[in-house]
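Asker: For reference, the structure I am asking about is given below.
The values are calculated or read from the model by the stated rules, or taken from the named source; none is laboratory data. Quick caveat: nothing in here was measured; it's all calculated off a predicted structure. Cβ placement follows ideal geometry from the backbone for every residue including glycine, while neighbour counts extend to all protein chains displayed. Heavy atoms of the whole protein, side chains included, go into the accessibility calculation; ligands, DNA and RNA do not. Shrake-Rupley method; radii C 1.70, N 1.55, O 1.52, S 1.80 Å.
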Amino acid sequence: MVKRILAIIAIFACTCVAWMILGTSIFLRTENAGSQLSGRVASTWGTGQEQHPPAASCVSKVTKIVETEENGKKIKKTETRDVTDAVPLNSSRIVVDLHIDYRQKGLLWFSTYRVGFAGNYTFQNPAGREETFTIRLPLPSKQAVYDGMEISLDGEVLPLDFGGSEVTAHGVLRANATGMVRIAYRSQGQDNWSYKFSGGDEIARVKDVHLLVNTDFGGFDFPENSLSPTEKRQTSEGWELKWDYQNLVSGFNIALNMPQKLQPGPLAGRISYFAPVPLFFFFFLVFILSTLRGIDLHPMNYFFLACAFFAFHLLLAYLCDHVSIHSAFAISSAVSVLLVVTYLRLVVNLRFAVAEAGLAQLIYLVLFSYAFFFEGFTGLAITIGAILTLFVVMQMTGRIQWMEKFLRSPA
């Protein structure tokens with residue numbers, strides 16, 4: 001009996017080593033391809049977007065008397081210079097529509113999205129004369145595609161000049177009048193979207209800001225050092241998020257991280273690293289049942305059962321490249337359970353193969369592994385399963401004389 005147990009332990013240990021190698025290879029394959037795939041997605045879809053408010057300014061001529069020295073004599077000259085005066089925004093009304101549109105490359109899913117931006121901004125002409133204002137809109141990302149880009153002043157669409165990382169337009173505003181600038185475009189990005197009030201890291205002061213974000217998804221997150229919405233409401237399609245401020249002074253910005261889809265590669269790797277736990281419970285239960293019923297299972301039988309378990313993780317690791325992770329999981333589970341049941345049907349009998357070994361494999365391999373699909377509940381599910389297993393085995397073996405069982409067991 002001691003030799004039998006040592007042989008089973010050796011089989012278990014070798015299988016654990018194989019799982020560690022498989023799990024490591026999955027993570028390495030995912031990590032090596034991750035940076036390359038991320039660049040490829042960014043080159044075709046775009047990167048994270050950070051939108052800044054537009055800046056309005058006008059050029060005024062300033063006359064100044066300058067005293068200079070020529071040939072030892074002081075001469076006063078009158079110079080006229082162009083001075084650019086920035087005009088603050090009086091109010092901002094912004095609506096952002098976000099639509100999630102995941103993209104898969106290899107073993108990874110990328111949180112790509114489409115964005116529709118529309119903002120109405122007001123500012124006042126401080127001069128007592130008609131002025132031509134320059135409106136500059138920083139583009140949220142250089143590596144992006146923009147469609148339907150439009151800037152208008154008081155309903156009049158302005159010609160656009162594209163240069164570097166910003167769009168420029170020019171419009172005329174009457175003396176002391178308040179003008180409304182409307183900005184609209186459609187674009188697409190990846191992972192996150194943000195609205196930054198200041199041009200750098202300094203604290204910004206803004207007046208009368210109302211920003212509404214409509215999403216058709218949930219599961220988003222607000223990153224650190226960002227403003228939480230002042231109001232949020234769940235809709236039939238997703239969420240409605242509002243940020244309303246009358247006089248905001250803050251170094252924080254408005255930001256939203258897109259929800260992350262379940263990653264097939266890392267998930268398959270974590271399940272492979274966890275695989276020794278289901279096999280341990282399965283071997284333990286099969287050993288107890290075979291000992292109680294006098295079933296002679298040779299260590300070679302345990303070896304083939306371990307191979308059937310390993311087949312589940314090996315097939316899952318490479319099948320999730322080609323089909324969805326849920327389909328890959330279902331196919332791998334069916335193949336592994338079929339291997340175990342059809343094998344033990346020949347070794348023992350059909351009842352033991354289906355009702356006992358098959359059910360144990362369904363619980364410990366399939367259900368325990370499926371718990372990884374529910375982030376945050378994996379440890380709890382496994383703990384409950386382990387406690388229930390311990391309870392059942394203790395009740396089954398409470399009156400067993402183990403010394404007699406071990407002595408009667410075939411060597």
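Asker: Please tell me which of these pairs span more than 31 angstrom C-alpha to C-alpha: 77/207; 105/242; 196/232; 105/232?
Answerer: Details: 77/207 42 Å; 105/242 34 Å; 196/232 20 Å; 105/232 33 Å.
Table pairs above 31 Å Cα-Cα are 77/207; 105/242; 105/232.
Asker: Where does region 312-363 land on the Kirkwood hydrodynamic radius, alpha-carbon pairs, in angstrom?
Answerer: Mean inverse Cα-Cα distance, inverted, gives 11.5 Å.
Asker: So, in Å, what gap is there between the alpha-carbon centers of region 97-132 and region 362-393?
Answerer: Result: 45 Å between the Cα centres.
Asker: If we count every other residue with Cβ under 15 angstrom of residue 258's Cβ, Lys/Arg +1 and Asp/Glu -1, where does the sum land? Provide the component values of the computation, followed by the final result.
Answerer: Values: positive: 103, 114, 261; negative: 50, 97, 101, 191, 216, 221.
Once all neighbours under 15 Å are counted, the net charge is -3.
Asker: What is the local net charge at residue 115, summed over the other residues whose Cβ is closer than 13 Å to its Cβ (Lys, Arg +1; Asp, Glu -1)?
Answerer: Around residue 115, the surrounding residues sum to -4.
Asker: Next question, about the same structure. Put +1 on the Cβ of each Lys and Arg and -1 on the Cβ of each Asp and Glu in the chain; which of 253, 99, 401 then has its Cα farthest toward the positive end of the dipole?
Answerer: Farthest towards the positive end: 401.
Asker: Under a GNM of the chain (C-alpha, springs under 10 Å), which listed residue has the highest mean-square fluctuation: 161, 97, 216?
Answerer: Result: 161 has the largest fluctuation of those listed.
Asker: Answer with one residue from 28, 141, 54: the one whose Cα lies farthest towards the positive end of the charge dipole of the chain, charges on Cβ with Lys, Arg +1 and Asp, Glu -1.
Answerer: Towards the positive end, the residue furthest out is 28.
Asker: Using only the C-alpha atoms of region 75-126, find the volume of their convex hull and express it per residue in Å³. Present the calculation step by step, with values, prior to reporting the outcome.
Answerer: Working: hull volume 8.5 nm³, N = 52.
In region 75-126, the Cα hull volume divided by residue count equals 164 Å³.
Asker: Here is a further query. Over all directions, average the projected area of the Cα convex hull of region 125-236 and note it in nm². Could you put the intermediate results ahead of the total?
Answerer: On the way: hull surface 38.3 nm².
For region 125-236, the mean projected area of the Cα convex hull comes to 9.6 nm².
Asker: Ignoring solvent entirely, what values of log10 I(q)/I(0) come out of the Debye formula for the chain at 0.09, 0.10 Å⁻¹ when each Cα is a single scatterer?
Answerer: -0.74, -0.82
Asker: Cα-based Rg (one decimal) and Dmax (whole number) for region 197-277, in Å?
Answerer: In order Rg, Dmax, the Cα atoms of region 197-277 give 18.2, 59 Å.
Asker: Using a Gaussian network for the chain with springs between C-alpha atoms less than 10 Å apart, which of these wobbles most: 400, 254, 325?
Answerer: With Cα springs under 10 Å in the chain, the top fluctuation among 400, 254, 325 is at 400.
Asker: Give the ranking of 172, 181 by solvent-accessible surface, highest area first, calculated with a 1.4 Å probe.
Answerer: Sorted descending by solvent-accessible area, the residues read 172, 181.
Asker: Provide the per residue accessible area, probe 1.4 Å, for region 54-163, rounded to a whole number of square angstrom.
Answerer: Details: 6310 Å² over 110 residues.
Roughly 57 Å² per residue, with all protein chains present.
Asker: Please give every one of the lysines within straight-line cross-link reach of residue 74, meaning a C-alpha to C-alpha distance under 28 Å, and leave out same-chain neighbours fewer than 8 residues apart.
Answerer: Result set, ordered by chain and number: 61, 64.
Asker: What translational D, rounded to a whole number of µm²/s, comes out for region 21-174 from Stokes-Einstein when the hydrodynamic radius is the Kirkwood one over Cα pairs, at 20 °C and 1.002 mPa s? Let's see the in-between values first.
Answerer: On the way: Rh = 20.1 Å.
Translational D for this selection: 106 µm²/s.
Asker: Using alpha carbons only, how many degrees (0 to 90, rounded to 10) separate the axis of helix 299-319 from the longest principal axis of the chain?
Answerer: 20
Asker: Also: Based on Cβ point charges of +1 for Lys and Arg and -1 for Asp and Glu, what charge dipole magnitude is obtained for the chain about its Cα centre, in debye rounded to the nearest 20? Could the numbers behind the result be given before it?
Answerer: Numbers: 35 positive and 34 negative charges, 284 e Å.
Value, rounded to 20: 1360 debye.
Asker: Right, something else. Excluding residues fewer than 8 places away in the same chain, name every one of the aspartates and glutamates whose C-alpha is closer than 12 Å to that of residue 261.
Answerer: By straight Cα distance, residue 261 reaches 101, 191, 375.
Asker: Stick to Cα atoms and the Kirkwood definition of Rh, then tell me Rg/Rh for region 239-372. Please report the intermediate quantities before stating the final value.
Answerer: Working: Rg = 22.3 Å, Rh = 17.4 Å.
Ratio value, two decimals: 1.29.
Asker: Can you give me the distance in nm between label points at residue 64 and residue 90, each placed 7 Å from the Cα along the Cα-to-Cβ direction?
Answerer: 3.0
Asker: Continuing with this model, one more query. Give me the dipole magnitude in Debye, nearest 20, for region 34-133 about the Cα centre, with unit charges on the beta carbon: positive for Lys and Arg, negative for Asp and Glu. Display every interim value, and only then the final one.
Answerer: Numbers: 13 positive and 11 negative charges, 34 e Å.
Value, rounded to 20: 160 debye.
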